[in-house]
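Enquirer: The structure that follows is given in the form of structure tokens.
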Amino acid sequence: MEGGPLQETQEWQKWLEDLSKGAISHELEVITLKGMQVVHGQKGLVADKDGNWHVGAITTLIDIVGAAAIFSSTGQLKASVDFNISYYSTAKIQEEVEIEAKVIGHKGRLSSVVVEIRRKNNGELIALGKQWMSSINIVPSHLSKI
């Protein structure tokens, strides 16, 4: 039997690690994921004027972690087609958080995922992201020249 759950887990972990190191990403992902480890989140670098974790960085992280969860389930990279985030609290840059992504289901080319970010010390919900993601078919002749 080729592949299997262990190999798939190793592949998505390597993909997320490569993203966090800037090996396969754009500058925005590198800034957002800098210091992130596959098993748990580390200190971030993007803050608002009060030293809180910037909501744009939270949004980007939820999008990437959701995509990684779906990739671990399907083996396919997918793009967000519907994205909703509710913010319940702020978090300081030095504060430790836990991020959990759950794949809810699949329908055709679509997959649904929910990502929660919680304070590590008390489990308080900071943000909740809900996404539908779709398979992406990149055709070389249709790539943007921008």
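Computed from the coordinates by the stated procedures, all read-outs in this text should not be read as laboratory data. Here the structure is a predicted model, which means the values were calculated and not measured. Don't worry about glycine lacking a Cβ; one is built from the backbone with ideal geometry, like all the others, and counts go over all protein chains shown.
Enquirer: Across segment 110-124, what is the total count of residues that are of a type in the set (Gly, Ala, Ser) and over 20 Å from SER134 (Cα atoms)?
Expert: So the answer is 1.
Enquirer: Still on this structure, I have one more. Pull up segment 63-114, narrow it to residues that are among the hydroxyl-bearing types (Ser, Thr, Tyr) and surrounded by fewer than 14 Cβ atoms within 10 Å (Cβ to Cβ), then point me to the one that is nearest to ILE136 (Cα to Cα).
Expert: Among those that are among the hydroxyl-bearing types (Ser, Thr, Tyr) and surrounded by fewer than 14 Cβ atoms within 10 Å (Cβ to Cβ), it is SER86.
Enquirer: Follow-up. Give me a count of the residues in segment 81-98 that are in a strand (DSSP E or B) and of a type in the set (S, T, N, Q).
Expert: Number satisfying all stated conditions: 2.
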